[in-house]
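Peer 1: Just dropping this structure here.
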Amino acid sequence: MALLTSLFDAPSRWTALDPLAARAAAVADRVLPGGPVRGLLHGRPAGHPAHPALAQLPVGTSVSALILDTAATVLPGGGALEAPARALAAVSVASVVPTALAGWADYVDLHPDQQRTAIVHAAGNAVAATLWTASLLSRRHGRALRTAGTVVAGAAGALGGHLAYRWAAGANHAEHLVHLAGDGKGFTDLGPLADLPQDRPQQRWIGDAPLCVLRRGDDVLALTDTCTHLGAALHEGEVSGSGADTTITCPWHASEFRFRDGAPVGGPATAPQPTVQTQVRDGRVLGRVVGPPL
């Protein structure tokens, strides 16, 4: 098992991939539409990365085709299974396009070590898609090509899972802050209101949980400070809007969060930011982390 983990970790150290990885990120950033379309590719409307969910279709259909191909070799009259196996392979090929677009949208905003692994993952998927496509054009070797494509896709998918779980690409980087702050049990003194400058976000703490605190007049807005996307400090970002629509934009990858409810309204983040309830009493700011919105 340790050998397998080491094997999957290896691409993250292949610095020779950096020029290719950087070029691929620049091209994807230029080609893929921004705004709501990019948000849809990230999965922001669903509150969950779209790429892993979309990947279930090419993987599921290709595995189903593999099962039919295997059955065809052992069952009488197995030749009748060729047509449905080819149809499943065609679905696999067609579903690669939206899956890849969502993956490339996420890829643009990854760290360099994550991008190295993602490039290898993408290359494996490209080989798999090529083999599935070739299987549709070959009557003689269709079964073998479908099988080879599914094996390659399985390896690439395993690397993609390793990227998501081991290297935390697409994971929520702020979920733990609610627990570090005591699960919202009571208010914590964050210091004098007078110590907070107007309209300039500051970092404060509840327990081991960092907060991004913003003073607007005599009101105080706050979110947890660790960006859900890849963990940047939000208090170093830019504030926009006013009233209930006040937002802060992450300094790393421009994920934008609304102070009122922590909702991501722009950028690559899909998970909401854990919110902070604040009060001002006797000139002092009190706060408690109340968790992500439901």
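The values are calculated or read from the model by the stated rules, or taken from the named source; none is laboratory data. Given the structure is predicted, the values throughout are model-derived calculations rather than measurements. Positions of Cβ are backbone-derived with ideal geometry, glycine not excepted, and every protein chain shown enters the neighbour counts. Surface areas here come from the heavy atoms of the whole protein model, side chains and all, with no ligands, DNA or RNA. Shrake-Rupley method; radii C 1.70, N 1.55, O 1.52, S 1.80 Å.
Peer 1: Based on this model, can you work out whether Val265 counts as at pLDDT 95 or above, part of a strand (DSSP E or B) and surrounded by fewer than 24 Cβ atoms within 10 Å (Cβ to Cβ)?
Peer 2: Working: at pLDDT 95 or above: yes; part of a strand (DSSP E or B): yes; surrounded by fewer than 24 Cβ atoms within 10 Å (Cβ to Cβ): yes.
Here the answer is yes, as Val265 does meet what is asked.
Peer 1: For segment 41-148, list the helices (runs of 4 or more DSSP H) that sit wholly inside it and hold at least 1 residues that are aromatic (Phe, Trp, Tyr) and under 15 Å from the mean Cα position of the chain (by Cα); which are they?
Peer 2: Because the criterion is at least 1 residues that are aromatic (Phe, Trp, Tyr) and under 15 Å from the mean Cα position of the chain (by Cα), the helices (runs of 4 or more DSSP H) in segment 41-148 that meet it are 82-107.
Peer 1: Being open to solvent by less than 20 Å² (accessible area, probe 1.4 Å) and under 30 Å from Ala10 (Cβ atoms), is that true of even one residue in segment 81-93?
Peer 2: Within segment 81-93, the first condition is being open to solvent by less than 20 Å² (accessible area, probe 1.4 Å), and the residues that meet it are 85, 89, 92.
Pick out the ones that are also under 30 Å from Ala10 (Cβ atoms) and you get 92.
Yes, some residue in segment 81-93 is open to solvent by less than 20 Å² (accessible area, probe 1.4 Å) and under 30 Å from Ala10 (Cβ atoms).
Peer 1: On the given criteria, is Ala271 in contact (Cβ under 8 Å) with a residue 60 or more places away in the chain and of a type in the set (A, V, I, L, M)? Can you show your working first?
Peer 2: Working: in contact (Cβ under 8 Å) with a residue 60 or more places away in the chain: yes; of a type in the set (A, V, I, L, M): yes.
Judged against the criteria, Ala271 is a match.
Peer 1: Would you point out which residue out of Gly43, Gly149 is in contact with a Pro (Cβ under 6 Å, 6 or more places away or on another chain), within 24 Å of Ala24 (Cβ to Cβ) and in contact (Cβ under 8 Å) with a residue 40 or more places away in the chain?
Peer 2: Values: Gly149 fails: in contact with a Pro (Cβ under 6 Å, 6 or more places away or on another chain).
Criteria check complete, one pass: Gly43.
Peer 1: Show the residue pairs meeting these rules: Cβ distance below 8 Å; 6+ apart or different chains; first residue within segment 237-259 and surrounded by fewer than 15 Cβ atoms within 10 Å (Cβ to Cβ); second residue part of a loop (DSSP other than H, G, I, E, B).
Peer 2: Glu238/Pro251; Ser240/Thr246; Ala244/Arg260; Asp245/Arg260
Peer 1: Follow-up. Condition first: within 20 Å of Ala128 (Cβ to Cβ) and free of Cβ contacts under 8 Å to residues at least 12 places away in the same chain. Now tell me which residues in segment 46-99 satisfy that.
Peer 2: Once the filter is applied, which keeps residues that are within 20 Å of Ala128 (Cβ to Cβ) and free of Cβ contacts under 8 Å to residues at least 12 places away in the same chain, segment 46-99 yields Ala53, Gln56, Gly60, Ile67, Thr70, Ala87, Ala94, Val97.
Peer 1: So, one more: I need a count of the residues in segment 30-77 that are at pLDDT below 95 and of a type in the set (D, E, K, R).
Peer 2: The total comes to 1.
Peer 1: For residues that are under 18 Å from Glu256 (Cα atoms) and not in a helix (DSSP H, G or I), scanning just segment 23-40, find the one that is least open to solvent (accessible area, probe 1.4 Å).
Peer 2: Step one: of segment 23-40, the residues under 18 Å from Glu256 (Cα atoms) are 29, 33-40.
Next, only the ones that are not in a helix (DSSP H, G or I) stay: 33-34.
Numbers: Pro33: 64, Gly34: 47 Å².
For segment 23-40, the residue satisfying everything is Gly34.
Peer 1: Another one. What is the residue count in segment 196-220 for residues that are at pLDDT below 95 and either touching a His at 6+ places or on another chain (Cβ under 8 Å) or at positive phi (or both)?
Peer 2: Qualifying residue count, segment 196-220: 2.
Peer 1: A further question on this structure: Please verify whether segment 221-241 includes one or more residues that are over 18 Å from Val276 (Cβ atoms), of a type in the set (A, V, I, L, M, F, W, C) and either part of a loop (DSSP other than H, G, I, E, B) or at pLDDT below 95 (or both).
Peer 2: The answer is yes; a qualifying residue exists.
Peer 1: Suppose we filter Gly186, Gly170 for residues that are more than 23 Å from His42 (Cβ to Cβ) and either in contact (Cβ under 8 Å) with a residue 24 or more places away in the chain or under 28 Å from the mean Cα position of the chain (by Cα) (or both); which single one remains?
Peer 2: Numbers: Gly170 fails: more than 23 Å from His42 (Cβ to Cβ).
Gly186 is the lone residue from the list that is more than 23 Å from His42 (Cβ to Cβ) and either in contact (Cβ under 8 Å) with a residue 24 or more places away in the chain or under 28 Å from the mean Cα position of the chain (by Cα) (or both).
Peer 1: Conditions first: (1) within 22 Å of Thr246 (Cβ to Cβ); (2) open to solvent by 40 Å² or more (accessible area, probe 1.4 Å); (3) of a type in the set (Val, Ile, Thr). Thr147 passes all but one, so which condition is the exception?
Peer 2: Condition not satisfied by Thr147: (1).
Peer 1: For the subset of segment 173-206 comprising residues that are part of a helix (DSSP H, G or I) and open to solvent by less than 30 Å² (accessible area, probe 1.4 Å), which member is nearest to Leu286 (Cα to Cα)? Walk me through how you get there before you give the answer.
Peer 2: First, the residues of segment 173-206 that are part of a helix (DSSP H, G or I): 177-180, 193-195.
Going one step further and asking which of them are open to solvent by less than 30 Å² (accessible area, probe 1.4 Å), we end up with 177-178, 193.
Numbers: Leu177: 17, Val178: 16, Leu193: 9 Å.
If we take residues in segment 173-206 being part of a helix (DSSP H, G or I) and open to solvent by less than 30 Å² (accessible area, probe 1.4 Å), then Leu193 is nearest to Leu286 (Cα to Cα).
Peer 1: Confirm whether Gly142 is over 28 Å from Leu230 (Cβ atoms) and either in contact (Cβ under 8 Å) with a residue 40 or more places away in the chain or aromatic (Phe, Trp, Tyr) (or both). Quick ask: steps written out before the conclusion?
Peer 2: On the way: over 28 Å from Leu230 (Cβ atoms): yes; either in contact (Cβ under 8 Å) with a residue 40 or more places away in the chain or aromatic (Phe, Trp, Tyr) (or both): yes.
Yes, satisfied.
Peer 1: Residues Ala164, Ala144, Ala171, Ala156: which one is at negative phi and in contact with a His (Cβ under 8 Å, 6 or more places away or on another chain)?
Peer 2: Numbers: Ala164 fails: in contact with a His (Cβ under 8 Å, 6 or more places away or on another chain); Ala144 fails: in contact with a His (Cβ under 8 Å, 6 or more places away or on another chain); Ala171 fails: in contact with a His (Cβ under 8 Å, 6 or more places away or on another chain).
None of the others qualify; the one that does is Ala156.
Peer 1: Mind checking whether some residue in segment 214-221 is of a type in the set (Gly, Ala, Ser) and either touching a residue at least 24 places away in the same chain (Cβ under 8 Å) or open to solvent by less than 10 Å² (accessible area, probe 1.4 Å) (or both)?
Peer 2: From segment 214-221, those of a type in the set (Gly, Ala, Ser) are 217; that's our starting set.
Cutting the leftovers down to either touching a residue at least 24 places away in the same chain (Cβ under 8 Å) or open to solvent by less than 10 Å² (accessible area, probe 1.4 Å) (or both) gives us none.
Scanning segment 214-221, I find no residue that is of a type in the set (Gly, Ala, Ser) and either touching a residue at least 24 places away in the same chain (Cβ under 8 Å) or open to solvent by less than 10 Å² (accessible area, probe 1.4 Å) (or both), so the answer is no.
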